[in-house]
Each structure stands twice: as C-alpha cells, then as structure tokens.
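The values are calculated or read from the model by the stated rules, or taken from the named source; none is laboratory data. Note that the coordinates shown come from a computational prediction; the quantities given were computed from them, not determined experimentally. Glycine also receives a Cβ, built like all others from the backbone with ideal geometry; neighbour counts cover every protein chain displayed.
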Amino acid sequence: MRTSTLKRWTIGLLLLALLLAVLGGLIWGGITGWAPSRKDYPVQGLYVSAADGDLAWPTLAAMGADFAYIRASAGGAARDRRFADNIEGARATGMRYGAVHEFSLCAGEAQQAELFITTVPRDPEMLPPVVSLDLNESCATRPNRAMLLGELNTFLNQIESHAGKPALLRISAAFESAYEISDGLSRTVWLIGDFVPPDYAAKRWVMWQSSSFYRINGAPDGVRWNVVQP
C-alpha cells in the first residue's frame, strides 16, 4: 500500500517537473523570440561585440537586421578583436553599419579618443559613431558631473571630427540617474529597456534597445536588438 502510494507520488512529481520544464521553455522561447512590431518600428537592427561569437551576417540580413552597431573599443586600451571582421561582414550584406566606443570613467578622454580614432577607419558610409555610457563597479573613482561633461565634450569633439558626423549617446538608466547626461549634452540618445520603451532620459530617444537577449538565426548566442524611432 505504502509502496503504491509512493510510486504515485513519484510519478506525479516527475510529471509536474516535466510540465514546469515545458512551460519554462515556452516562456523563455517567447521572451527570447520577441521583437517590437515592424508596423510600429520599421527599422530594426543589432548591437554586437566579440562576445556574441561568430555571426552569420547574410543570415542576419535575411532575418531582418537593417543595421548593425559594432563594438570597436572600450576604455583607454581595449580593442574589440572581432571589430574588423564584423564590419566587413555587415558591409558585405549591404547592411548599414556603425562603430561603438564603451566609455570608461577610469580612463582619460584623450586616450579613449585616440583609441577609437586609431581603431575605426574613416568611412563616409558608416552610421554616426556611438558612445556607450554605463557605470562599472570596478571603477571606484568617478568624476563629478561638471568634470564628466567637460571630458565627454572633449572626447566627442575628437571622434566627431574623425567621423564627420555627430555622435549618438547610448545611456544606461544607472548612468543617467547618476549624471543626468541626456540633459547636459546636445546629442541624440539611445536608451535601454527590455520589452518596454524607456522614458528615463530628459529627451525623446532616437534608438531603443528593446531586448538584451534576442535570439535570431545567424547569432547562436543571441544579440542586443534595437529599433529606430519612426
């Protein structure tokens, strides 16, 4: 009797675990497969770096990526090892492409500008350069707002002179909260918010990172998916 009851409980628990696993897979599949409607946002694309692995650019273009922003450099010394390959891959498909520098509060603005300029070629076909702004816990010493605005103005003037175009600012919510940077610099902004259009900046966003883990054919590990304000 007890053995029969134990077996039924065991089978029931196994079936419940299986059901939860299936439901979890369906939910995760829905999350990673979601992107904003093309009707609302006709122009959509990705932001990638070496961490996203070996990308199949023709497949990404066929799956609807209209543009690619590609990490070029970070801080004062880090060059993305896949930058040149990713730029060439995007260019070969006819996709629009641009370069991103991840700005560091722990490196000098002149050093960072030199790194970007010596990494990213002058190319009139490139999209405007992007400066990505986020807080890094490893950077303990941070400038005050006035100092940072001065540093960013110096940095932006140099990379914009190189690119021949005004830059975009890709700003995290944490960085905006700390520095109110969108109100301090006269640049268009790219904001971040999974599934929900963000409203944490002082001005309307031009680009929105709508998913941090969008799964698409051609990018086996997922990518950061973005849309352009129509």
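Has region 130-138 got any residue that is over 19 Å from the mean Cα position of the chain (by Cα) and farther than 21 Å from M207 by Cα? The answer is yes; a qualifying residue exists. Inside region 89-128, residues that are touching a strand residue (DSSP E or B) at 6+ places or on another chain (Cβ under 8 Å), under 24 Å from G53 (Cβ atoms) and not polar (S, T, N, Q) make up a count of 15. Residue pairs whose Cβ atoms lie under 6 Å apart, separated by 6 or more positions or on different chains, with the first residue in region 101-119 and outside the structural domain of Y69 (by TED's automatic domain parsing) and the second surrounded by 20 or more Cβ atoms within 10 Å (Cβ to Cβ) and polar (S, T, N, Q), do not occur. Test E102 against the stated conditions and say whether it is farther than 25 Å from S211 by Cβ and among the charged types (D, E, K, R). Judged against the criteria, E102 is not a match.
Evaluation of S4 against the conditions (1) part of a helix (DSSP H, G or I); (2) modelled with pLDDT of 95 or more shows that the sole unmet condition is (2).
Residue by residue, here is whether (1) in contact (Cβ under 8 Å) with a residue 40 or more places away in the chain; (2) in a loop (DSSP other than H, G, I, E, B); (3) within 16 Å of the chain's Cα centre (by Cα); (4) buried (at least 22 other Cβ atoms within 10 Å of the Cβ) holds:
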| residue | (1), (2), (3), (4) |
| --- | --- |
| L169 | no, no, yes, yes |
| L191 | no, no, yes, yes |
| F195 | yes, yes, yes, no |
| P198 | no, yes, yes, no |
| R204 | no, yes, no, no |
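Of the set (1) out of contact with any His (no Cβ under 7 Å at 6 or more places or on another chain); (2) buried (at least 22 other Cβ atoms within 10 Å of the Cβ), all apply to V131 but (1).
Scan region 126-167 for residues that are without any contact (Cβ under 8 Å) to a residue 40 or more places away in the chain and among the β-branched types (V, I, T) and the total you get is 2. Among the numbered conditions (1) under 16 Å from S104 (Cα atoms); (2) outside any loop (DSSP other than H, G, I, E, B), the only one that S177 does not meet is (1).
Can you confirm whether W208 is out of contact with any Ser or Thr (no Cβ under 9 Å at 6 or more places or on another chain) and surrounded by 17 or more Cβ atoms within 10 Å (Cβ to Cβ)? Quick ask: steps written out before the conclusion?
Details: out of contact with any Ser or Thr (no Cβ under 9 Å at 6 or more places or on another chain): yes; surrounded by 17 or more Cβ atoms within 10 Å (Cβ to Cβ): yes.
Yes; evaluated as a whole, the condition is true for this residue.
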